[in-house]
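Report on the following structure.
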There are 2 protein chains.
Amino acid sequence: MFDRKMTELGKERSAIRELFEYGNARKKQIGEEKVFDFSIGNPSVPAPACVEDEIVRLLQTEPAEKLHGYSSAAGLPAVRKAVASYIQTTFGVPMSEDLVYMTCGASASLVVALSALLRAGEEVVVPVPYFPEYAVFVDAAGGKLVPVSTDERFHLDLGAIERAIGERTRAVLVNSPNNPTGAVYAEEEMRALGEILAKKSAEYGAPVFLVADEPYRELVYGEPPVYPMAVYKDTVVLYSFSKSLSLAGERIGYIAVSPQCGHADELFAAVCGAGRAHGYVCAPVLFQRVAAACLGMVSDVGAYRANRDLLYTALSDMGYACIVPEGAFYLFVKTLEPDAKAFAEQAKAHELLLVPSDSFGVEGYVRVSYCVARETIERSLPAFAALYAHYRGARGDRRAPFRRK
Amino acid sequence: MFDRKMTELGKERSAIRELFEYGNARKKQIGEEKVFDFSIGNPSVPAPACVEDEIVRLLQTEPAEKLHGYSSAAGLPAVRKAVASYIQTTFGVPMSEDLVYMTCGASASLVVALSALLRAGEEVVVPVPYFPEYAVFVDAAGGKLVPVSTDERFHLDLGAIERAIGERTRAVLVNSPNNPTGAVYAEEEMRALGEILAKKSAEYGAPVFLVADEPYRELVYGEPPVYPMAVYKDTVVLYSFSKSLSLAGERIGYIAVSPQCGHADELFAAVCGAGRAHGYVCAPVLFQRVAAACLGMVSDVGAYRANRDLLYTALSDMGYACIVPEGAFYLFVKTLEPDAKAFAEQAKAHELLLVPSDSFGVEGYVRVSYCVARETIERSLPAFAALYAHYRGARGDRRAPFRRK
């Protein structure tokens, strides 16, 4: 009856959103505290104080008709300038305010940047597992997603990437810190990737872009990640303040095109055009200004680190196999049966909401979003233990089915 | 180098945005008060007090991590319920919260609704003149815009619409109060349109949808317009709070699918899918709640009415030909030479920023956005008079070139 693709997308929903909605309904049924909702990456720590301070300051000092009016499509000039200056100062790379495009968050950044970059049928190489909406956005931009394997720690398999790049490859899309694995690519890893891209660009006589999706940049438990523009010239950085400032629902982020990109101005024009075609008139203005005022501020990463340590240790001790996350707020756990969807259904019986890995492009895992209250993790542990016992019992086998810590 | 269509869209920009940017640059050059910027529909009266009150109340009462977190893709349940209840109570039509989808403003509503409705190559009939981005959005949704003429007061030419509807017609898109003409379609006009759509739907055995783009609904100087769902069943209403609450930069609006639509649930699923494909994760949450709290509140329409009266009377008295606007905040003025772009360029020499009508789908007019400070209009009048004199003098003809009031 209606656009087939859109109807299917709407009916299916993402596995994450599906579970999120199920969780909301289930909480109403049996009480919020009885459901262990690890489904969605909704920040659990409050926005830093600067957010509220800036909102109040703006309300008190700016006339409402100026404060809430349209900005230029690419954003308020002062905000773009602040972002460019922040990138330049913090990461030591050249950046120009003329190449900063404020967006309605990371998903908007992805759709707009991919629509600008991709010509019909061009390919985007993406390491697995990946954020499921990448497939939707690459498809919406008329491109083709080419998944490539990663190593046993979910870090880049550089050989696989090099082999996957062909003459139709337009970009390699990386997400570090990674959703859903928590992997943070090391500087040497990113530099090696840059070298491969440079080599392949020369080989095919056309740039292979590095598209870096970085909403989790500040949420790391070790070394801060290298800035992608520092390792490769044809780079587009996609950023969102959703996680760093705990503003996921306010839809505010940006696209930064490296001034070292070939034809950077033309690419930026294509970004503006893509924003226009997708109906993005401008990014929400109040939060443009809030974000600019809070550049460099970060929500309490310590809370996420404590959650990570608690959850990782407890689950590993129970016998679950998982890799310790280096960043973001997700734990990727091997399932106790090969079918991740069936495992996630079984987990529901214990009121554990875990996202099966199939839509992330791999089989046999669940994603556990630990951006929740610490007490939720504490109270969930008996459920995780019972889930483990269910499988161990069901198999009549007391050994853990996978590698133990 | 990049996606051709996106690059062109980005380089061209809309005529409105182009002039808006020119105005911003020009104001820096010669001073804000010397430029008479009638380019953009940026509300000039402040948001009603309820907006700031609600923001402050929410900051004081809601935990930040809840307040700024993701909502469901279609919006916060309480907000959708409030919108549905408001529509039902205010307009006396059935409405369901399950058919309300909160959006990032009117442009997002258009892109998402059109992407949901249109199958490849289907046509959308649009009365001229029309908001220029309609062409961009219909194209982005894979459809074809079919312009139809209007009468001498820019009201619907029902015969022309009936003739334009063919077997490939998916929808008629109307915008009342109208941008750029200020026309507000009368109830009998809308009822007659509904009858034509019902007749044509029966003839072709498939619904021809009424898509009503209504960001100016409350900005009227006479009778309030009939609610589109009251005149025709297969109706989708697109709404934005940009104008009614003077929140143009905050990007908040909604799509309401009539429960009387055939296959309404399926259409709503397609709307959700289209939102997903275009990267709209959810509408900005703080302003979802602000909008819900301020339903039925409207910025000071009296200020716009006073501007309309002043500008219309002054320009008519000078000799300009224009129709008195019944709503919105635009005056559509006949140009004093056939080429509207040349006329708008000439106006720039008098520091008057007027949007030429070509991109609205008609020739020989300029749009004057009178959502400006009253003093701007007052100070601009000598410039309008000088512009008129330029043409009258240049022609060596003391008669007005077009119909006088």
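Compute the Kirkwood hydrodynamic radius of the range B:1-149, taking the inverse of the mean of 1/r over all pairs of distinct Cα atoms, and give it in Å to one decimal. It is 19.6 Å.
For the range B:161-170, the Karplus equation 6.51 cos²θ - 1.76 cosθ + 1.60, evaluated at θ = phi - 60°, returns couplings of 5, 4, 5, 6, 7, x, 6, 8, 6, 9 Hz by residue, with Gly and Pro reported as x.
Spatially close Lys pairs in the range A:49-293, defined by Cα atoms under 23 Å apart and a spacing of eight or more places or different chains, total 7.
A Gaussian network model of chain B, with springs between Cα atoms under 10 Å, assigns the largest mean-square fluctuation among B:ILE40, B:ILE161, B:ILE55 to B:ILE55.
Based on a Kirkwood Rh over C-alpha pairs, give the Stokes-Einstein translational diffusion coefficient of the range A:228-373 at 25 °C and viscosity 0.890 mPa s in µm²/s. So the translational diffusion coefficient is about 133 µm²/s.
Quick check on packing: order B:333-341, A:114-122, B:233-241 by the mean number of other C-beta atoms within 10 Å, highest mean leading.
B:233-241, A:114-122, B:333-341
Sorted shortest first, the separations between the A:ARG379 label point and its copies elsewhere in the assembly read 6.1 nm; each point sits 7 Å from Cα along the Cα-to-Cβ line. Computed from Cα positions, the angle between helix B:105-117 and the longest principal axis of chain B comes to roughly 60 degrees.
From the P(r) of the range B:70-293, could you give the percentage of C-alpha pairs in the tail past 27 Å? The partial results should precede the final answer.
Details: 6292 of 24976 pairs.
Result for the distance tail: 25 percent.
Using the alpha-carbon centroid of each, what span in Å lies between the range B:1-46 and the range B:231-258? Distance between centres, Cα-based: 24 Å.
Given A:THR313, B:VAL236, A:PHE241, which one lies farthest toward the positive end of the charge dipole of the protein assembly as shown, if we put +1 on the Cβ of every Lys and Arg and -1 on the Cβ of every Asp and Glu? Value: B:VAL236.
Using the rule -39500 (n - 2.57) for each DSSP H run of four or more residues, divided by the residues of chain B, the 222 nm mean residue ellipticity is -13500 deg cm²/dmol. Along the range A:40-49 the Karplus relation, 6.51 cos²θ - 1.76 cosθ + 1.60 evaluated at θ = phi - 60°, assigns HN-Hα couplings of 10, x, 8, x, 9, 9, x, 4, x, 4 Hz to successive residues, with x for each Gly and Pro.
Per-residue mean of other chain beta-carbon atoms within 10 angstrom of the beta-carbon, peptide B:97-106? Write out the running numbers ahead of the final one.
Details: counts 0, 0, 0, 0, 1, 0, 1, 10, 7, 2.
Mean partner-chain Cβ count within 10 Å for B:97-106: 2.
For the protein assembly as shown, the fraction of C-alpha pairs farther apart than 53 angstrom is 13 percent. Overall shape of the range B:122-233 was characterised from the C-alpha gyration tensor. The equivalent ellipsoid obtained from it has semi-axes of 21, 17, 12 Å, in decreasing order.
Each copy carries a label point for B:ARG119 at 7 Å from Cα along the beta-carbon vector; from one copy to the others these points are 3.2 nm apart, nearest first. Choose one answer from B:GLU162, B:GLU65, B:GLU351: the residue with the largest mean-square fluctuation in a GNM of chain B with alpha-carbon springs under 10 Å. Comparing B:GLU162, B:GLU65, B:GLU351 in a Gaussian network model of chain B, the most mobile one is B:GLU65. Working note: Cα atoms of the range B:1-70, range along each principal axis, descending, whole Å: 46, 40, 19.
Taking amide H as placed 1.01 Å from N in the peptide plane, the amide H of B:THR103 sits under 5 Å from that of B:GLY253, B:TYR254, B:ILE255, each at least 5 places away or on another chain. Using the Kirkwood radius over C-alpha pairs as Rh, can you work out the diffusion coefficient of the range A:158-223 via Stokes-Einstein at 10 °C, viscosity 1.306 mPa s, in µm² per second? The estimated diffusion coefficient comes to 125 µm²/s.
In nanometres and ascending order, the distances from the A:GLN60 label point to those of the other copies are 1.4 (point 7 Å from Cα along Cα→Cβ). Taking the Cα centre as origin and putting +1 on Lys and Arg beta-carbons and -1 on Asp and Glu beta-carbons, what dipole magnitude results for the range B:70-293, to the nearest 20 debye? Dipole about the Cα centre, nearest 20: 580 debye.
Starting from the Kirkwood radius over alpha-carbon pairs of chain B, derive D by Stokes-Einstein at 20 °C in a medium of 1.002 mPa s and give it in µm² s⁻¹. Taking Rh from Cα pairs, D becomes 97 µm²/s.
Note on chain A: GNM, Cα springs under 10 Å; of A:ARG170, A:ARG13, A:ARG367, the largest mean-square fluctuation is that of A:ARG13. Would you list, by chain and number, the aspartates and glutamates whose Cα falls below 19 Å from the Cα of B:LYS341, excluding same-chain residues fewer than 8 positions away? Candidates past the 8-residue exclusion: B:GLU12, B:GLU18, B:GLU21, B:ASP37, B:GLU133, B:GLU351, B:ASP358, B:GLU363. Couplings 3J(HN,Hα) for the range A:89-102, derived from phi with the Karplus relation 6.51 cos²θ - 1.76 cosθ + 1.60 (θ = phi - 60°), are 6, 6, 10, x, 10, x, 8, 10, 4, 6, 10, 9, 10, 6 Hz, where x marks Gly and Pro. Dipole orientation for the range B:70-293: of the candidates B:ILE255, B:PRO284, B:ILE161, B:PRO284 has the Cα lying most toward the positive pole (charges on Cβ; Lys, Arg +1; Asp, Glu -1).
Every number in this text was worked out from the coordinates using simple rules, so none of it is lab data. Everything numeric in this text was worked out from a predicted model, so none of it was measured. We place every Cβ from the backbone using ideal geometry, glycine too, and count neighbours over all the protein chains shown.
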